[in-house]
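Everything below concerns the one structure shown next.
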Amino acid sequence: LFLATLTYDTLRFEYEDFPETKEPVWILGRKYSVFTEKEEILLDVTSRLWFTYRKNFPAIGGTGPTSDTGWGCMLRCGQMIFAQALVCRHLGRDWRWIKGKRQMDNYFNVLNAFIDKKDSYYSIHQIAQMGVGEGKSIGQWYGPNTVAQVLRKLATFDTWSSLAVHIAMDNTVVMEEIRRLCQSNVPCAGAAACPALESDVLYNGCPEDVGLRERLTPWKPLVLLIPLRLGLTEINEAYIETLKHCFMMPQSLGVIGGKPNSAHYFIGYVGEELIYLDPHTTQPAVEPSDSGCLPDESFHCQHPPCRMNIAELDPSIAVGFFCNTEADFNDWCQQIKKLSLVRGALPMFELVERQPSHFSNPDVLNLTPDSSDADRLERFFDSEDEDFEILSL
């Protein structure tokens, strides 16, 4: 803990407070004023789950790395955007973390799903090992698309959350495909009741009483991730207004992306600056206590969040949305349609009712992007992500 504190104190000069501006501050669909709601802004930011590099966790795969410093930043950002989906699912967008206050069990269930050990649903261990199947050796950098594809696979084992995860490829969101996915009343893969460990500690953040009734709900909560490329080597200014609007939607899960060589989790904006959580701090791994509770302070960023100019954003990103109900999804579709009417805002993706005829079936999208652009760019996001390959489950 001393190390983590030292890091904050020595870096404090980097964490400027919010600028005194009349511009609203948007955080994941919530609008704030710097003048009257600074405490509320900071409480909202602090309440997001913050995942950073860790050291001294159990070796990945038994013999692999025990720290992800230097390579795990995009994996941590993937964890953060997904943790936000789980918070919305199990705690609600209005939930807040107060230092020292006893949290409800569901909070620890969510946190336990991301702890650095092999049997947590979305641990760095699971993400790194699942990535091996996508041609990523352990310790290799991911781009936003790869981490999204891996999280989609891991979510099928999370029967407690019972999420429908859709990754919209080729800059196209097909409504019919999403409805089919969310309305499928088939229990998730691995939907056997989760075994509880001794002394009723929750296994993987999965309570025992997940009944069949819950897994057969008419609409599975949707996590929608849209990998995008908003320019060649830098972001095309025409997309900036649309990107800002994504943070204004109540369904917003934020954006994963970053600057070259450095991934961030973007949770909002003020003026021309993006607000983000930065995973580039190495903290010691945390061990759960016998009671199943965790010392959790290191999972919450307790200083003002980082900011950067939108123009510095790397053009490879993935935008995330969470629709808990069908009404949420319908509302999101309406907002996206309205957004296409905003002057000076270029749509980042297309929303269509049905699969365009030039697509083959949804599982084997016929994507043959022009790779010549990617070949010319020596970027941190590897060529796999430039080409947005479809990774089958």
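The values are calculated or read from the model by the stated rules, or taken from the named source; none is laboratory data. All values derive from a computational prediction rather than experimental measurement. Positions of Cβ are backbone-derived with ideal geometry, glycine not excepted, and every protein chain shown enters the neighbour counts. Ligands, DNA and RNA are excluded from the accessible area calculation, which covers all protein heavy atoms including side chains. Shrake-Rupley method; radii C 1.70, N 1.55, O 1.52, S 1.80 Å.
The table below gives the values:
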item	result
Which numbered condition Leu151 fails, given (1) part of a helix (DSSP H, G or I); (2) over 24 Å from Asn261 (Cα atoms); (3) not basic (Lys, Arg)	(2)
Among residues of region 163-189, those that are on the phi > 0 side of the Ramachandran plot and modelled with pLDDT of 95 or more, counted	0
Residue satisfying condition, being at pLDDT 90 or above and over 22 Å from Gly257 (Cα atoms), within set Ala128, Ala113	Ala113
Inter-residue pairs, beta-carbon under 6 Å, first of a type in the set (Phe, Trp, Tyr) and in region 307-324, second open to solvent by 10 Å² or more (accessible area, probe 1.4 Å) and not in a loop (DSSP other than H, G, I, E, B), 6+ apart	Phe322/Cys88
Filter result for the condition that a residue is out of contact with any strand residue (DSSP E or B) (no Cβ under 6 Å at 6 or more places or on another chain), modelled with pLDDT of 90 or more and of a type in the set (A, V, I, L, M), over Leu11, Leu28, Leu86	Leu86
Gly139 being closer than 19 Å to His264 by Cα and not in a helix (DSSP H, G or I)	yes
Among (1) closer than 16 Å to Val147 by Cα; (2) aromatic (Phe, Trp, Tyr); (3) part of a helix (DSSP H, G or I), the one test that Phe114 misses	(3)
Total residues in region 244-272, condition without any contact (Cβ under 8 Å) to a residue 60 or more places away in the chain and in a strand (DSSP E or B)	2
Unique residue being on the phi < 0 side of the Ramachandran plot, at pLDDT 95 or above and part of a helix (DSSP H, G or I) when the list is Arg96, Arg76	Arg76
Matching residues, region 286-314, being crowded, with 17+ Cβ neighbours inside 10 Å and not in a helix (DSSP H, G or I)	Val286, Pro288, Gly292, Leu294, Cys301, Pro304, Pro305, Cys306, Arg307, Met308, Leu313, Asp314
